[in-house]
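Reading through the structure tokens given below for one structure.
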Amino acid sequence: MQAGYVDGPWGQVHYRTSGASGPWVVLFHESPLSSVVWEKVMNHLGDEVRVLAFDTPGYGASAPPPGPATEIPEYAAVLAAATEALGATDVVFCGLHTGASLAIEAARVFTAGCRGVVLSGVALYDDEERAEHLSSWAPDVVKDLDGSQFEWALARYRRIWPGLDEEMLHLAVLEALRVLPRYHWGYRAAFRHDPAEPLASLDVPVLLLDAEFDLLADKDEKALALAKDARLVVLPGLHGQPHLRAPQDYAAHLAAFVREVSASDVGASDVGASDVGACEVVR
């Protein structure tokens, strides 16, 4: 695995990359973390695919956008351009939560060929849910000498990531705190953005690959109905974060999908789930 930077309109975009040959996969993370969350999945993908995992602008080591009013299509356009600048073609875009919205929008504007999209947790909120999340999910947090920001971050991830282990807690808290003044920018952009029409407009196969008890698992059936050519694979028993809790299974399903859509122009209905674990497949 290697890391690097590519120039963008807002400054440099940081990425991790792995794989020596094969089709391209581009990974987008959830807010407010970074591409580090994909490292275990990338390790399990090995050399059979070439992977790019980006830090969303403003998160990780990527330069931030101009301000908090930046919208998901703007983020996605920068990431699509970075993908093309690194020479990737005929890619599969894959994203989780905010990253899922980014993957959908990047697939729509990428000019070097998109073979498919893999989505984990699509934010298909109704208007009431969207307003509620905008008002309460990602409040302003300030730094102080009492360390209240550290207590906030610990409490937050213990609440929203049930059953997390010490490694997950450490990773999430550090990544959130390193971008604290703008940790909510990506969240609020995702809550303002409605991915329904963009998802419905995609003309490539879609794999919905989700944890059974993910915070957005109740949106999977709606996503399945909206996408033209899609299937749903549920990793049972997981309380979200399938890329961190079951990276080997996640990578196996992702790799199987990538192999199939990269080999021919088959639709997602012809793409079978890989035979790993006790995964439940819902059509």
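Of the numbered criteria (1) under 17 Å from Ser35 (Cβ atoms); (2) touching a strand residue (DSSP E or B) at 6+ places or on another chain (Cβ under 8 Å), the one Ala107 fails is (1). Considering Glu48, Glu105, the condition of being touching a helix residue (DSSP H, G or I) at 6+ places or on another chain (Cβ under 7 Å) and at pLDDT below 95 is satisfied by Glu48 alone.
Comparison of Asp214, Asp165, Asp194 shows that the only residue that is free of Cβ contacts under 8 Å to residues at least 60 places away in the same chain, of a type in the set (Asp, Glu) and out of contact with any strand residue (DSSP E or B) (no Cβ under 7 Å at 6 or more places or on another chain) is Asp165. Can we say Ala190 is in a helix (DSSP H, G or I), in contact with a helix residue (DSSP H, G or I) (Cβ under 6 Å, 6 or more places away or on another chain) and crowded, with 20+ Cβ neighbours inside 10 Å? Spelling it out, Ala190 is indeed in a helix (DSSP H, G or I), in contact with a helix residue (DSSP H, G or I) (Cβ under 6 Å, 6 or more places away or on another chain) and crowded, with 20+ Cβ neighbours inside 10 Å.
When the range 42-73 is filtered for residues that are part of a loop (DSSP other than H, G, I, E, B), over 16 Å from Leu177 (Cα atoms) and not hydrophobic (A, V, I, L, M, F, W, C), the ones remaining, listed by number, are Gly46, Asp47, Glu48, Pro65, Pro66, Gly67, Pro68, Thr70, Glu71. Applying the set (1) over 22 Å from Pro32 (Cβ atoms); (2) buried (at least 22 other Cβ atoms within 10 Å of the Cβ) to Ala196 leaves exactly one unmet item: (2). Between Ser31, Ser101, Ser21, which is assigned to a helix (DSSP H, G or I) and of a type in the set (Ser, Thr, Tyr)? Answer to the check: Ser101. The set of residues from the range 60-80 being in contact (Cβ under 8 Å) with a residue 40 or more places away in the chain and within 28 Å of Ser21 (Cα to Cα) comprises Gly60, Ala61, Ser62, Tyr75, Val78, Leu79.
When each of Asp220, Asp229 is tested for being under 18 Å from the mean Cα position of the chain (by Cα) and not small (Gly, Ala, Ser), the lone residue that passes is Asp220.
The condition of being touching a Leu at 6+ places or on another chain (Cβ under 8 Å), in a strand (DSSP E or B) and in contact (Cβ under 8 Å) with a residue 60 or more places away in the chain holds for only one of Val26, Val37, that being Val26.
Note on the range 153-177: residues that are among the hydrophobic types (A, V, I, L, M, F, W, C), assigned to a helix (DSSP H, G or I) and touching a Leu at 6+ places or on another chain (Cβ under 9 Å) amount to 9. Can you spot a residue in the range 237-260 that is touching a Pro at 6+ places or on another chain (Cβ under 7 Å) and not in a helix (DSSP H, G or I)? Checking the range 237-260: at least one residue is touching a Pro at 6+ places or on another chain (Cβ under 7 Å) and not in a helix (DSSP H, G or I).
Residue under question is Ser269, and the condition is that it be at pLDDT below 95 and assigned to a helix (DSSP H, G or I); does it hold? Criteria met by Ser269.
The values are calculated or read from the model by the stated rules, or taken from the named source; none is laboratory data. These numbers were taken from a predicted model, which means no experiment stands behind them. Reconstructed Cβ throughout: ideal geometry from the backbone, glycine too, with neighbour counts over all protein chains shown.
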